[in-house]
Structure formats: C-alpha cells, structure tokens
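All of the numbers you see were taken from the coordinates with simple rules; none came from a lab. These numbers were taken from a predicted model, which means no experiment stands behind them. Using ideal geometry, Cβ is built from the backbone for each residue, glycine included, and neighbour counts are taken over all protein chains shown.
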Amino acid sequence: MLFTDSVFVGIDPTSGRKSFTYACLDKGLNLVSLSDGEMEDVTAFLAGQKSATVAVNAPAGVNRGLVREKIKREMLTPHQIRGAELRMAEYQLREHGIAVSGTPSNVAACPSWIQLGFDLYHKLEKMGFRKYPDSDSAYQILETHPHAGFCVLAGGIPLSKPSLEGRIQRQLLLYDCGIRLRDAMEFFEEITRYKLTKGLWPVNLLYLPEQLDALVAAFTAWCVANKPASALAMGDASEGLIILPVSELKEKY
C-alpha cells in the first residue's frame, strides 16, 4: 500500500505468530495499517512509502561496556555492579525504576529476537533509512522500548501486558494520546450478565499485546517527527539511543 504523505511506523520483532508486528499511523494519528509478517513483508510495505519514520522495539546495537566503565570509575555498589551488562540507555531507565532487560556485548550472545532486530536495522539502512535524527533524510529509523513507552505514558508501571486489564490500560493510554483506535471503554459496554455466564468476553474489541507494543512505537515515531520537544533520547549514540514519547522522565516510576 502506497501513502503519498509521511507515515510513522512502529515495528515489534517479538511477536509469537509472525517474526514482526507493525503498525502505521498518518500525520493525523489515524491508524492506516496494523499487520504482522516476515522481514520481506515489512520491507515491502516500507519500500512503498514516500516518506517514513520508523521506530523499532529492539536494541540498535550491543553494549560497549560504557556502564561497566562507569561502575568502575564511580565505585558503585555491588547491586549496580550486577547490572553491568547493560547499555547506557538501559542503565538509565533502570535508575528511574523502569525494569528493562540488558543487551549483551556481542551479537552471538543476544536472544534471537534481538538478532532479528539487528537484521532489520541492517536491511533498512541498506534501503536508505538513516538513524534519527537526520533532518536531510525522508527515511529515518530509531529505537524505542514498548514497556518504557507505556511507563512514561501512564506515569507509573502499567499492569501486566498479557492480562486483560493490562491490554485495556494500554489501549486507553494510546487512545488518550489522540490515536484513532477503538475506544477500549466499549469493551465494558458490551458486557452483559448473559455474556459473562456464557464466557463470551468481547475481546475482539481489544488489541493484542504485540499490536499495542507496535502502536506505542508508531506513536513514538510520530512524536519525533511532529512534536520533537515531546520526545526524549536516553543513552549513548555509540550503543543505540532509546527514544521515548515524553519530554522528561519522572524521578521514579
């Protein structure tokens, strides 16, 4: 599908059904595509776009020992030393109470989904995408983190992602950001005594966890392009910056 204006795409490489789940928003925050597929499906979709900002829910690079150097230099506590296998962005998010996993220092030690993300970055760069920020390029790519994104939108740690209440919470947060999604409150309007006794929950009104993760990434891509003051970069560029849809972080989440 070809769009004549800029699009803002979020890609999640941790989907259980296909290798990738991806969401596409237009400038007006309309949802123009929400799908899943393999690498060739994602790249074919992006190849048809006149202009695109893409946010990926995966590390853009391995950890280069910056956190370990910081710990040695500042003689931090044993608890902090145990977290040395982190990139600087991951370390900073943990300092704010946002629990994120660390990225190993070599590609072979990375989980398969991270390696898949590396493959995607490499493929998109070969297609002409440039790392954000690059104001001269119509095609930009950046790294984000879905759990951290929902933390900053909620102002606290969100409910469990796979749970019914966690999905409702995330969908409401995105809806309140102005994304033209199904309103999750309609879920409750569809609940009746009869449906409850029959186990007929209206879950078709809710997005899947991996779709919600792709959507928050797409919203982050939209923020950096349309409201850059509302986007925040964490970490060190040599390891990969994590971009979040917020102007500043709370002290603790």
Calculate the spin-label point distance for Asp134 paired with Asn106, positioning each point 7 Å from the Cα along the beta-carbon direction, and give it in nanometres.
-> 2.9 nm
Got the relative contact order for the chain handy, in percent, Cα pairs under 8 Å and 6 or more residues apart?
-> 27 percent
Check Ser51: other-chain or 5+ apart residues with amide H under 5 Å from its amide H, H built from backbone geometry?
-> Val7
Residue-normalised 222 nm signal for the chain, counting each DSSP H run of n ≥ 4 as -39,500 (n - 2.57), nearest 500 deg cm²/dmol, is -11000 deg cm²/dmol
At a Förster distance of 41 Å, what's the computed FRET efficiency of Ser35 paired with Lys252, Cβ-Cβ distance as r, to 0.05?
-> 0.65
Between Lys131 and residues 5 or more places away or on another chain, which pairs have amide H atoms under 5 Å apart, with H built 1.01 Å from N, and which residues are they?
-> Ile141
State, to one decimal in nm, how far the label point of His96 lies from the label point of Asp119, with both points 7 Å from Cα in the Cβ direction.
-> 3.2 nm
Karplus (6.51, -1.76, 1.60) ³J(HN,Hα), θ = phi - 60°, over the range 228-242, in Hz, Gly and Pro reported as x | x, 5, 9, 10, 10, 9, 10, x, 10, 4, 5, 9, x, 7, 9
In whole percent, the Cα-Cα distances of the chain spread across 10 Å bins from 0 upward as 7, 31, 35, 19, 7, 1, 0
If you count the DSSP beta bridges with both ends in the chain, what percent of them are antiparallel, to the nearest 5?
-> 50 percent
So which trypsin sites (Lys or Arg not before Pro) in the range 8-57 are both in a DSSP loop and have at most 13 other Cβ atoms within 10 Å of their Cβ?
-> Arg17, Lys27, Lys50
Which helices pass in the chain if a helix is a full DSSP H run, must span at least 24 angstrom along its long axis by Cα, and must have mean Kyte-Doolittle hydropathy not below -0.5?
-> 209-226
Once the Cβ-Cβ distance between Thr192 and Glu69 is put in as r, and R0 is 41 Å, what FRET efficiency do you end up with, to the nearest 0.05?
-> 0.10
